[in-house]
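S.K.: Before anything else, here's the structure in question.
The values are calculated or read from the model by the stated rules, or taken from the named source; none is laboratory data. In this text the structure is predicted, and so the values were computed from the model without any measurement. Cβ: placed from backbone, ideal geometry, glycine included. Neighbour counts: every protein chain shown.
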Amino acid sequence: MSEATIGTPSKLADPEARRALMSGVSPEAGSSKPDPILEVDHIIRNFGGMTAVHVDHLEVQRGIITALIGPNGAGKTTFFNLITGFDRPSSAKTGAHWSFEGKKLDKTSASSVALAGMVRTFQLTKSLNRMTVMDNMMLGARGQRGENLLTAMFKGTWGAQEKEVEKKAYELLDRFKLYAKKDDYAGSLSGGQRKLLEMARALMSDPTMIMLDEPMAGVNPALTQSLLSHIQTLRDEGMTVLFVEHDMHVVRHISDWVVVMAEGRIVAEGPADTVMSNPAVIDAYLGAHHDTDLGDDSLLSDEALEEMAQEVAAEEAEREAEEKS
Amino acid sequence: MSTVSESIPTPDQAQAGDTAAGVYDPNDPQGPPPQRRAMIAAAIFIGYFVVILLVAKFAPGTVGVIARGMLRESLSAQTAAVAIAIIGLNVHFGYTGLLNMGQSGFMLLGAYGFSISIWKGLPMPVGILVGFLAAFVFALILGVPTLKLRGDYLAIVTISAAEILRYVGRLAKLENFTGAAQGIPGSQYRDPFVNLSFFGDGTFDAGGWLPNLQSTGVNGWWVRFVAWLLVALCCVIVFLLARSPWGRLLRGIREDEDAIRSLGKNVFAIKMQALVIGGLFGALGGMVYILPSSMQPDAMGRNLTFFCWTALLLGGAATVFGPVIGAILFFALRVFIQGTAGAIVPDSIMNLSQTAQFAWICVGITLMLLVIFRPQGILGDKRELRFNV
Ligand SMILES: Nc1ncnc2c1ncn2[C@@H]1O[C@H](COP(=O)(O)OP(=O)(O)O)[C@@H](O)[C@H]1O
Ligand SMILES: [Mg+2]
């Protein structure tokens, strides 16, 4: 067993310990954390005239699950792209700073961000479809001697390491219930299985922090359950998890801290059970529907959403009628 | 539409042969699909040559003539030279997904470096090094500005750079350096290579089974022997590279660069390495290409690049032996079509030069049919090409 993937439980595996840790943190946007692993300052990204992301300050606590939520188009994916080096902030020259474990990442390339220990997955899954599941996994491992062109031709220089990496890949595949598929092409997996594969592949590099962009999207309910429990296990082993979800009720079960984004800004932060009743969050999600309880699962049923849409339409019609008169 | 859904293996097919389905067994041996592919390649090689040899030896009349022409073309040193260049193109396109539309430019540089150096009195090993060095620098110059951009930019830059090189080589002002449009006669650079021969004088035809050629000579068995030996060597190198984690990285980059970046790999550096390696194969191909003939810039223009692409797709991209099978069949097929058309169609309808053109048209149609109906080529794996998302 490799220590980084299936390791000893961390102190923060205990829910009480996590609650105690975060109880001292003030539940407001941009609040400081006892032991931040990631700190972000003044990141702005404009697309044309539109500001997709405008984050003044954000800290992510080490060793817990932080959920980044917000309605569609809030800028969550763009924010992920910015801090992982896949996009550049418009404010790059005017004070955009972010650091991971105290190391500045302002000018770092995507690959160096990953090497620093912050590994991400993508909202649109990037499984390498015309390669086998096993090849996908093997690519995740870091520091492979055989990836050096000068030694690649001589198996003696990397064969032993390859065996170790394979063993680790088998363990992770087993854990993510993909072992039976190891020799299949990734393109033949279902959407949910590809999400699992992408996550397992990211874990091959022993990250300190894993960033998941909508890991549950398109995954069937049974798999969602196991995905959620995988994420919790990672946290219990000491990994920091930051994951994006636009749907709040999924978030409630597993996150220790919730950051809410709307229209590019961080509008609220707090523990999962209280942040939902924050007026700023309710505004962000529902506009005028203050009286609805966001933590209520029934809210997310189709009828409820339809009802809301109808109400909104009715209200708008009323307003238009008023304006005309 | 229906072909696509048919080609995706059903779960049962995909799991056939997977004995340990679902259970993790650390000692589970993995099946070796690459070995099966090598067996298929060997079967095609042997089958093709047995048939051609028998027909060439025993068939009477025109059939025998055509078969002897195909055999001659299949064994020719220039076919081997193009095979080496295709092996390089395969590293670019097949494994890494780089759209190099100027492989003939790499060949041209290798050939110029080799022939000019020897012509100007330098020893042959230096000439070889100069050829490789020129291709290396060319790869760097092409790669630095384009490899960070989308794939199409490399295609545009390579095709124009290769043409620019050829036109520069043709400049009348450079007559004393490159030989301008006429190029450099083979006699100016060939001798050091021919002198290495231990095949002796006289001719050889293996008791009438093979074309009757000089053992050494200008375009005899010696240059063929060395050329095909180099092809074999290049195949071994590509095999060793492709099975390594480095080769895996190339295929990963071909599939999705961003995914590879997100795993902490330096994608730019690896693409550059692939561009250089494939370019060096191209340069070697160029050197071999001019050994049995002369150094003519126009012999290594756009046409040659497109032949390389056709032969690569015919044989199967991203396979070790695909480029070799593709090169042999490509040139043999052309001789076959030209010979057959010449024999069947009367001269009044299609004369000799028209049958040659007709053969090229058929080659173009073959390429189209291939891309539509068998994009993986003869040796490729359908699944590696079908799952397009
Ligand atoms: N490349 C781009 N060009 C223009 N607009 C973009 C681009 N990427 C994202 N956006 C815009 O930025 C906003 C935030 O998008 P995104 O980060 O994907 O939201 P989320 O992930 O929270 O749903 C959206 O309004 C989207 O249209
Ligand atoms: Mg998104």
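S.K.: Hey, can you tell me all the residues within segment B:200-212 that are surrounded by 16 or more Cβ atoms within 10 Å (Cβ to Cβ) and in contact with a Ser or Thr (Cβ under 6 Å, 6 or more places away or on another chain)? Steps first, please.
M.R.: Here is the first cut: in segment B:200-212, the ones surrounded by 16 or more Cβ atoms within 10 Å (Cβ to Cβ) are B:204, B:210-211.
B:204 - this is the single residue of segment B:200-212 that is surrounded by 16 or more Cβ atoms within 10 Å (Cβ to Cβ) and in contact with a Ser or Thr (Cβ under 6 Å, 6 or more places away or on another chain).
For (1) more than 11 Å from chain B (Cβ to nearest Cβ); (2) among the aliphatic types (A, V, I, L, M); (3) in contact with a helix residue (DSSP H, G or I) (Cβ under 7 Å, 6 or more places away or on another chain), each residue gets a yes or a no:
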site: A:143; (1), (2), (3): no, no, no
site: A:146; (1), (2), (3): no, no, yes
site: A:155; (1), (2), (3): no, no, no
site: A:164; (1), (2), (3): yes, no, no
site: A:182; (1), (2), (3): no, no, yes
site: A:191; (1), (2), (3): no, no, no
site: A:200; (1), (2), (3): yes, yes, yes
site: A:213; (1), (2), (3): no, no, yes
site: A:216; (1), (2), (3): yes, yes, yes
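S.K.: For segment A:70-97, how many residues meet the condition of being within 18 Å of the chain's Cα centre (by Cα) and more than 11 Å from ligand 2 (Cβ to nearest atom)? Even if it seems obvious, please write down each step before you answer.
M.R.: Quick first cut of segment A:70-97, residues within 18 Å of the chain's Cα centre (by Cα) only: A:70-87.
Filter once more, keeping what is more than 11 Å from ligand 2 (Cβ to nearest atom): A:82-87.
Of the residues in that region, 6 qualify.
S.K.: Any residue in segment B:215-228 that's at pLDDT below 95: show its pairings with residues that are of a type in the set (Ser, Thr, Tyr) and crowded, with 21+ Cβ neighbours inside 10 Å at Cβ separation under 7 Å, as long as the two are six or more apart or on different chains.
M.R.: Within 7 Å, no pair qualifies.
S.K.: What pairs can you find where one residue is in segment A:112-124 and more than 9 Å from chain B (Cβ to nearest Cβ), the other is part of a helix (DSSP H, G or I) and buried (at least 19 other Cβ atoms within 10 Å of the Cβ), and their Cβ atoms are less than 7 Å apart, with a gap of 6+ or different chains?
M.R.: Short answer, once both residue conditions are applied: A:123/A:77.
S.K.: Also, quick follow-up: Going through segment A:253-273 one residue at a time, which ones are within 20 Å of residue A:19 (Cβ to Cβ) and either modelled with pLDDT of 85 or more or part of a strand (DSSP E or B) (or both)? I'd like the intermediate steps shown before the answer.
M.R.: First pass over segment A:253-273, keeping only residues within 20 Å of residue A:19 (Cβ to Cβ): A:253-260, A:268-273.
Within segment A:253-273, A:254, A:255, A:256, A:257, A:258, A:259, A:260, A:268, A:269, A:270, A:271, A:272 qualify.
S.K.: Of these, A:303, A:318, which one is in a helix (DSSP H, G or I) and at pLDDT below 65?
M.R.: Values: A:318 fails: at pLDDT below 65.
Among A:303, A:318, only A:303 is in a helix (DSSP H, G or I) and at pLDDT below 65.
S.K.: How many of the residues making up segment B:175-225 are touching a helix residue (DSSP H, G or I) at 6+ places or on another chain (Cβ under 8 Å), under 21 Å from residue B:71 (Cα atoms) and assigned to a helix (DSSP H, G or I)?
M.R.: Here the count works out to 4.
S.K.: Under the condition of being in contact with a helix residue (DSSP H, G or I) (Cβ under 9 Å, 6 or more places away or on another chain) and outside any strand (DSSP E or B), which residue from segment A:41-69 is nearest to ligand 2 (Cβ to nearest atom)?
M.R.: A:64
S.K.: Among the residues of segment B:240-252, which ones are more than 7 Å from chain A (Cβ to nearest Cβ), hydrophobic (A, V, I, L, M, F, W, C) and surrounded by fewer than 23 Cβ atoms within 10 Å (Cβ to Cβ)?
M.R.: Selection gives B:242 alone.
S.K.: Taking residue A:106, is it assigned to a helix (DSSP H, G or I), among the charged types (D, E, K, R) and either more than 16 Å from ligand 1 (Cβ to nearest atom) or touching a His at 6+ places or on another chain (Cβ under 7 Å) (or both)? Lay out the reasoning, then the answer.
M.R.: Working: assigned to a helix (DSSP H, G or I): no; among the charged types (D, E, K, R): yes; either more than 16 Å from ligand 1 (Cβ to nearest atom) or touching a His at 6+ places or on another chain (Cβ under 7 Å) (or both): yes.
It is false that residue A:106 is assigned to a helix (DSSP H, G or I), among the charged types (D, E, K, R) and either more than 16 Å from ligand 1 (Cβ to nearest atom) or touching a His at 6+ places or on another chain (Cβ under 7 Å) (or both).
S.K.: Mind listing whichever residues of segment A:209-239 are within 14 Å of ligand 2 (Cβ to nearest atom) and touching a residue at least 60 places away in the same chain (Cβ under 8 Å)? Break it down stepwise before answering.
M.R.: First, pick out the residues of segment A:209-239 that are within 14 Å of ligand 2 (Cβ to nearest atom): A:211-218.
Correct list: A:211, A:212, A:213, A:214, A:215, A:217.
S.K.: Assess whether residue B:293 counts as being more than 19 Å from the chain's Cα centre (by Cα) and not aromatic (Phe, Trp, Tyr).
M.R.: On the way: more than 19 Å from the chain's Cα centre (by Cα): no; not aromatic (Phe, Trp, Tyr): yes.
Against the criterion (more than 19 Å from the chain's Cα centre (by Cα) and not aromatic (Phe, Trp, Tyr)), residue B:293 does not qualify.
S.K.: Let me ask another. Looking for something away from ligand 1 (no atom under 11 Å from the Cβ), under 20 Å from residue A:234 (Cβ atoms) and not in a helix (DSSP H, G or I) - is there at least one such residue anywhere in segment A:82-100?
M.R.: yes
S.K.: Taking segment A:70-81 only, how many residues are part of a helix (DSSP H, G or I), more than 14 Å from chain B (Cβ to nearest Cβ) and within 6 Å of ligand 1 (Cβ to nearest atom)?
M.R.: Of all residues in segment A:70-81, those part of a helix (DSSP H, G or I) come to A:76-81.
Adding the requirement that they be more than 14 Å from chain B (Cβ to nearest Cβ) leaves A:76, A:78-79.
Going one step further and asking which of them are within 6 Å of ligand 1 (Cβ to nearest atom), we end up with A:76, A:78.
So the answer is 2.
S.K.: On to the next question. Only one residue in A:227, A:234 is at pLDDT 90 or above and assigned to a helix (DSSP H, G or I). Which one? Outline the logic, then answer.
M.R.: Working: A:227 fails: at pLDDT 90 or above.
Residue meeting the stated conditions: A:234.
S.K.: For residue B:261, indicate whether it is at the interface with chain A (Cβ under 9 Å from one of its Cβ atoms), crowded, with 19+ Cβ neighbours inside 10 Å, out of contact with any helix residue (DSSP H, G or I) (no Cβ under 6 Å at 6 or more places or on another chain) and within 21 Å of residue A:149 (Cβ to Cβ). Talk me through it step by step, then tell me what you get.
M.R.: Working: at the interface with chain A (Cβ under 9 Å from one of its Cβ atoms): yes; crowded, with 19+ Cβ neighbours inside 10 Å: yes; out of contact with any helix residue (DSSP H, G or I) (no Cβ under 6 Å at 6 or more places or on another chain): no; within 21 Å of residue A:149 (Cβ to Cβ): yes.
No; evaluated as a whole, the condition is false for this residue.
S.K.: Something else: I'm checking my understanding of the structure. Among residues of segment B:118-139 that are small (Gly, Ala, Ser) and more than 20 Å from the chain's Cα centre (by Cα), which one is farthest from residue B:108 (Cα to Cα)? Lay out the reasoning, then the answer.
M.R.: Here is the first cut: in segment B:118-139, the ones small (Gly, Ala, Ser) are B:121, B:127, B:131, B:134-135, B:139.
Add one more test, that the residue is more than 20 Å from the chain's Cα centre (by Cα), and what stays is B:121, B:127.
Numbers: B:121: 20, B:127: 14 Å.
If we take residues in segment B:118-139 being small (Gly, Ala, Ser) and more than 20 Å from the chain's Cα centre (by Cα), then B:121 is farthest from residue B:108 (Cα to Cα).
S.K.: I'd like to check something: does segment A:172-182 contain any residue that is of a type in the set (Asp, Glu) and in a helix (DSSP H, G or I)?
M.R.: So far as segment A:172-182 goes, yes, one or more of its residues are of a type in the set (Asp, Glu) and in a helix (DSSP H, G or I).
S.K.: I'd like to check which helices (runs of 4 or more DSSP H) are fully inside segment B:315-389 and have at least 3 residues that are within 14 Å of another protein chain (Cβ to nearest Cβ). Break it down into steps so the answer makes sense when it comes.
M.R.: Values: elements: B:322-344, B:352-373, B:382-386.
Passing ranges, in order: B:382-386.
S.K.: Looking at (1) without any contact (Cβ under 8 Å) to a residue 60 or more places away in the chain; (2) part of a helix (DSSP H, G or I); (3) at the interface with chain B (Cβ under 9 Å from one of its Cβ atoms), can you tell me which one residue A:138 breaks?
M.R.: Here residue A:138 meets the rest and fails (1).
S.K.: Inspect all residues belonging to segment A:120-141 and state whether any of them is more than 20 Å from residue B:262 (Cβ to Cβ), away from ligand 2 (no atom under 16 Å from the Cβ) and over 20 Å from the mean Cα position of the chain (by Cα).
M.R.: Step one: filter segment A:120-141 for residues more than 20 Å from residue B:262 (Cβ to Cβ), giving none.
The answer is no; no qualifying residue exists.
S.K.: Assuming residue A:242 fulfils every condition listed in (1) within 16 Å of ligand 2 (Cβ to nearest atom); (2) closer than 29 Å to residue A:148 by Cβ apart from one, which condition is it?
M.R.: It fails just one condition, (2).
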